[in-house]
Amino acid sequence: MSNNIVITSGKGGVGKTTVTAGLGTALARRGVNTLLIDGDVGLNNLDVALGVENRAAYDMADVMAGKCRVAQAILQLPGMPLYIMPSAHAVDSGQIKAADFRALIGRLGGSFDYILIDCPAGIEGGFHRAVSACEYAVVVTTPHISAVRDADKVLTLLSGYGLRGISLMVNRVRGDLLVRGETLAPADISRILRYPLLGIVPEDDEISVYAQLGRVGAAEGAAKTAIDMAAANILTGEQRIYDPARKYRGVLGAIRAGLRRRA
Ligand SMILES: Nc1ncnc2c1ncn2[C@@H]1O[C@H](COP(=O)(O)OP(=O)(O)O)[C@@H](O)[C@H]1O
Ligand SMILES: [Mg+2]
């Protein structure tokens, strides 16, 4: 059976879709059979980030309504065992029941090593639907107080689901601010929230540009390296964490941080 992981957050716009697409790509590049599911019924960010939105003839709602076979609603990305089931575009989020969604994920579980579900923003029905289909959760936050506060609320809700594992991904961390102590440190966020870090992802324009081009998997910058490390942690159970402050330490680092401040 697959390992099912929901990628969630309290606050919207912190990087759930980017992290889901990035982790999926990193797992699949290691030969791991991975299915990504867009839990955001009504919107379709994940297939846009991966550039497959025009290839989708059927979606999750069509499968549930019996309009197509499951395999017809799953697209493979080129060159690796990465698959995506687009979210339901034409239906209302409320029409997809948690029990039906869970049953669908259960059916798919025999065919994949990992199923990652990009959770919709907020803590409404879509949240419950996505979380109740998973045994693991990754909570994405940024090092901003409002995002951490919302992550805390979501963690409280998640603790009621009896999940097997919950970990944190701190996204958009600026190493230059970190060395100067001008941003919340991910280690402190982990301590405050009382959950372990799965990864730290630096602020990186490249991943943002590639996401907008529908090519998250093609990004090669620091964020990609960091997400790769997090994917390896998922597979090995280790906790190797990217250090976004490294290149800003020492004399050269101080110059880099100074230049960044002027940029
Ligand atoms: N590490 C990062 N560095 C720079 N931009 C990022 C990073 N992570 C996400 N973004 C950008 O932030 C915005 C929101 O990310 P997204 O993944 O869509 O968030 P969510 O799914 O939580 O709403 C997007 O424009 C995305 O490209
Ligand atoms: Mg999203």
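The values are calculated or read from the model by the stated rules, or taken from the named source; none is laboratory data. Everything quoted here is computed from the prediction, not taken from an experiment. So basically every Cβ, Gly included, is an ideal-geometry build from the backbone, and we count neighbours across all protein chains shown.
Taken over segment 16-40, the criterion of being within 13 Å of ligand 2 (Cβ to nearest atom), outside any helix (DSSP H, G or I) and of a type in the set (A, V, I, L, M) is satisfied by LEU36, ILE37.
Would you check which residues across segment 41-59 are assigned to a helix (DSSP H, G or I) and within 12 Å of ligand 1 (Cβ to nearest atom) and list them?
Once the filter is applied, which keeps residues that are assigned to a helix (DSSP H, G or I) and within 12 Å of ligand 1 (Cβ to nearest atom), segment 41-59 yields ASN45, LEU46, VAL48, ALA49.
When the residues of segment 78-111 are filtered to those that are in a loop (DSSP other than H, G, I, E, B) and either surrounded by 21 or more Cβ atoms within 10 Å (Cβ to Cβ) or on the phi > 0 side of the Ramachandran plot (or both), the one that is modelled with the highest pLDDT is GLY79. Does segment 117-134 include one or more residues that are away from ligand 2 (no atom under 16 Å from the Cβ) and among the acidic types (Asp, Glu)? Among the residues of segment 117-134, not one is away from ligand 2 (no atom under 16 Å from the Cβ) and among the acidic types (Asp, Glu), which makes the answer no. In segment 184-240, counting only helices (runs of 4 or more DSSP H) that sit wholly within it, the ones holding 2 or more residues that are touching a Gly at 6+ places or on another chain (Cβ under 9 Å) and away from ligand 2 (no atom under 16 Å from the Cβ) span 205-212, 222-236. Here the condition is being of a type outside the set (A, V, I, L, M, F, W, C) and modelled with pLDDT under 90; of ASN3, ASN44, ASN33, it holds for ASN44 alone.
Hey, any hits in segment 216-223 for a residue that's of a type in the set (Gly, Ala, Ser) and exposed (fewer than 15 other Cβ atoms within 10 Å of the Cβ)? Looking through segment 216-223, at least one residue is of a type in the set (Gly, Ala, Ser) and exposed (fewer than 15 other Cβ atoms within 10 Å of the Cβ).
Scanning segment 149-180 for residues that are of a type in the set (Val, Ile, Thr) and in contact (Cβ under 8 Å) with a residue 40 or more places away in the chain yields VAL154, VAL173, VAL179.
The residues in segment 241-262 that are more than 27 Å from the chain's Cα centre (by Cα), among the aliphatic types (A, V, I, L, M) and not in a helix (DSSP H, G or I) can be counted, and the count is 0.
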